[in-house]
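Following: one structure in structure tokens, then a few remarks.
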Amino acid sequence: MTKLSILRKSIDQVDKQLVKLLARRVRLVKEVGKYKKENREAIRDPKRELVIIKNKVAAAKKLGLSATFVKKLWKLLFEESYKIEK
């Protein structure tokens, strides 16, 4: 096995974990959506969004990740979550 194939295999394993975590997140989002419907709460919470993005960007910077990438990723996660919650 070449170094490249070993690295790619490691990336594939991380990707598999990411997909499992996304599936777990979707299950939780569905529960949140159910709770919000039952309690007549708004789907969106812009203040919470800002706090979450701020915290994720700070954590990302500490790990050497792009703030722009993390912002885009979380905005995408929010949008998908809102679709699921409806």
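Readers should treat all values here as calculations from the given coordinates under stated rules, not as data from a laboratory. All values derive from a computational prediction rather than experimental measurement. Heads up, the Cβs are rebuilt from the backbone with ideal geometry, glycines too, and the neighbour counts pull from every protein chain shown.
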Problem set entry | In the range 31-67, the residues that are under 20 Å from Leu18 (Cα atoms), among the small types (Gly, Ala, Ser) and more than 16 Å from the chain's Cα centre (by Cα) | Gly64
Seminar exercise, completed: Residue hits (the range 38-62; assigned to a helix (DSSP H, G or I), touching a helix residue (DSSP H, G or I) at 6+ places or on another chain (Cβ under 6 Å) and among the hydrophobic types (A, V, I, L, M, F, W, C)) are Ile53, Val57, Ala60
Exercise. Which of (1) in a helix (DSSP H, G or I); (2) surrounded by 10 or more Cβ atoms within 10 Å (Cβ to Cβ); (3) of a type in the set (A, V, I, L, M, F, W, C) does Leu65 not meet, given it meets every other one?
Worked result: (1)
Problem set entry | Flag if Val29 is closer than 23 Å to Lys71 by Cβ, surrounded by 11 or more Cβ atoms within 10 Å (Cβ to Cβ) and not basic (Lys, Arg) | yes
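Looking at the range 8-29, which of the residues that are more than 14 Å from the chain's Cα centre (by Cα) and of a type outside the set (Val, Ile, Thr) is nearest to Glu80 (Cα to Cα)? Reasoning before the result, please.
Here is the first cut: in the range 8-29, the ones more than 14 Å from the chain's Cα centre (by Cα) are 8-14, 16.
Right, trim to of a type outside the set (Val, Ile, Thr) and you get 8-10, 12-13, 16.
Numbers: Arg8: 28, Lys9: 28, Ser10: 27, Asp12: 23, Gln13: 24, Lys16: 20 Å.
Ranking the qualifying residues of the range 8-29, first place goes to Lys16.
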For this session: Hey, can you tell me all the residues within the range 68-86 that are surrounded by 13 or more Cβ atoms within 10 Å (Cβ to Cβ), closer than 16 Å to Leu22 by Cβ and of a type outside the set (Phe, Trp, Tyr)?
Result: Val70, Leu73, Leu77, Glu80, Ser81, Ile84, Glu85
For this session: List every residue pair whose Cβ atoms lie under 7 Å apart, where the two residues are 6 or more positions apart in sequence or sit on different chains, the first residue falls within the range 61-74 and is under 14 Å from Leu50 (Cα atoms), and the second residue, located anywhere, is of a type in the set (Gly, Ala, Ser) and not in a helix (DSSP H, G or I).
Result: none
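Those residues that are of a type in the set (Val, Ile, Thr) and either in contact (Cβ under 8 Å) with a residue 24 or more places away in the chain or assigned to a helix (DSSP H, G or I) (or both), I need them from the range 1-37; list them, please. Full working, then the answer.
In the first step, residues of the range 1-37 are kept if they are of a type in the set (Val, Ile, Thr); the result is 2, 6, 11, 14, 19, 26, 29, 32.
Correct list: Ile6, Ile11, Val14, Val19, Val26, Val29, Val32.
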For this session: Please determine, by comparing only the residues of the range 1-37 that are in contact with a helix residue (DSSP H, G or I) (Cβ under 7 Å, 6 or more places away or on another chain) and charged (D, E, K, R), which one is nearest to Phe78 (Cα to Cα).
Result: Lys30
